[in-house]
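This report concerns only the one structure given below.
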Amino acid sequence: MSQISHIDPAAADALRSYLDHSGFSGIYKFIVGANLYTVLPSVINTSSVGQVTGFFDEVLGDDPDVTLLRCLIAGETVERERLDGRQSELADGLIEGGILQGRDGRIGPTTFQLISAFGRDLLIDRRINFGGGIHEIYIGFDSYAMVHHIQQSRLLRGGRAVDLCCGSGIAALYMSQFCDSVVGTDIGEAPLALSRFNRRLNGCDDRVEIREQRLEATLEGPERFDVLTCNPPFVAYPPGLNGTLYSKGPDIDGQGYVRQIIEALPRVLNPGGAAYLVTDLVGDAARPHFMAELDVYARKLGLQIDVYVDNRIEAEVQVEPMAGYLHGLNPEISVEDLRRRFRAFQADDLRASHYHMSTIRLVTDAPAPRLRMLRRFPVPHTPAEPKWPPILEFA
Ligand SMILES: C[S@@+](CC[C@H](N)C(=O)[O-])C[C@H]1O[C@@H](n2cnc3c(N)ncnc32)[C@H](O)[C@@H]1O
């Protein structure tokens, strides 16, 4: 069983009191707010970590209250003798809970990284940002973009919200700041354990139900919601290859879950309810192919649909990272062969020259069906790119 599935929920209480004492969420916001307009709270990674540790050295100096934060957010190893009695006791609790590890007088990270996003403090799988093997739980730019697009005024205190495929719990925990009854569902052992830990860390055991349930069953069940969110597995894999639970989407283009959810919306949402689905849609340079299907859904189901395209990349940009990732999951096939198969799949099956990373907002009971697409800037996709592009670009 993985380290993540073993995480001890009781360690959340010790971590909570340390984070409050150290002023963690303020420090974290200050660090990741460097770009001012960024909506990406998970920017501490292999390429930026030197700046973060430099910030701790230069600005926070020897403040003992933040020493453990260096391990938790930046993955540093620190000497135990730098900790005072209270911090040392806390470190022992976090080591026992599996959140940190201690060896030879030094304390360092395990599989976890601490972030703060949209008012919630979260442990995530640090391999996403620091490498060291295939991560077990996904969280990424698309997760943050989806939460960013949720309209808070739709989340009423007495209302009900659901996040299908909850992963680390980010969307469910975000919505519980505005809504007293939230359900998060998943089927993976590790995401279920981590989202329960994060729920306790944020003190919302009474408001958020984390449920082991397939999204198909939630959609067929009797419950109704005012807001539904989902970042489902949506990656299109060439047929016959192994994939991960969090990424491989049904149907040839990976959009099988997106289709199932949209078709169920008139039944699952309360009148006037809204859904936010995030997905990567293949298409040409101008638009995703899926727009034609969305047009049919809007008319057939009486929906108002806005597609917020947060990023667009050329299909070729996906080839190298996907070939490496697929090789990790299908080691019997060479990277060269996977590159070739993936390119052919993009050209022949997907007819994809571009990928459009999008949040789809769907509103039921609309006065008239509507479909719009809003495009924004492309995000730099390599750390080597020198600077962010202009804030709005429509090319
Ligand atoms: C792309 S991840 C999204 C995680 C999280 N919502 C986020 O945005 O950071 C997809 C999640 O769906 C879960 N999952 C996969 N198939 C599922 C199904 N049929 N029903 C419910 N959850 C599923 C996976 O375990 C994984 O945690």
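For residue 25 and residue 49 in the same chain, what is the full-extension length gain: residue separation times 0.36 nm, less their Cα-Cα distance, in nm? Intermediate results must be reported in sequence, preceding the final value.
On the way: separation 24, 0.36 × 24 = 8.64 nm, distance 1.76 nm.
Full extension from residue 25 to residue 49 adds 6.9 nm.
So which GluC sites (Glu not before Pro) in segment 217-283 pass both tests, a DSSP loop state and at most 13 other Cβ atoms within 10 Å of the Cβ? Could the numbers behind the result be given before it?
Details: sites: 220, 223, 263; in loops: 223.
Answer in residue order: 223.
Based on the alpha-carbon gyration tensor of segment 1-148 and its eigenvalue square roots a ≥ b ≥ c, which shape applies: rounded if a/c is under 1.5, prolate if not and a/b is larger than b/c, or oblate? Oblate, since a/c reaches 1.5 and b/c is not below a/b. Listed by Cβ neighbour count within 10 Å, with the fewest neighbours leading, 339, 370 appear as 370, 339.
Look at 354, 148, 6 and count the other Cβ atoms within 10 Å of each Cβ; fewest to most, that gives 6, 148, 354.
Modelled spin-label separation between residue 151 and residue 96, with each label point placed 7 Å from Cα along the Cα-to-Cβ direction: 4.9 nm.
Restricting to the chain, compute how many DSSP beta bridges are antiparallel as a %, nearest 5.
Values: 33 of 58 bridges.
The antiparallel proportion sits near 55 percent.
For residue 141 and residue 8, the difference between the fully extended length at 0.36 nm per residue and the C-alpha to C-alpha distance is 45.1 nm. What the Cα convex hull of segment 68-120 gives, in volume per residue, is 82 Å³. Can you tell me the FRET efficiency between residue 353 and residue 333 if r is taken as the Cβ-Cβ distance and R0 is 25 Å, rounded to the nearest 0.05? Result of the calculation: an efficiency of 0.50.
Normalising by the residue count of the chain, find the relative contact order in percent from Cα pairs under 8 Å and 6+ residues apart. Please report the intermediate quantities before stating the final value.
Values: 752 pairs, mean separation 50.9, N = 395.
Once normalised by length, the contact order is 13 percent.
Over the residues of the chain, compute the C-alpha Rg and express it relative to 2.2 N^0.38 Å. Write down the numbers at each step before the final one.
Working: Rg = 21.4 Å, N = 395, 2.2 N^0.38 = 21.3 Å.
Normalised Cα radius of gyration, the chain: 1.00.
Every number in this text was worked out from the coordinates using simple rules, so none of it is lab data. It should be emphasised that the depicted structure is a prediction, and the values quoted were computed from it without experimental measurement. So basically every Cβ, Gly included, is an ideal-geometry build from the backbone, and we count neighbours across all protein chains shown.
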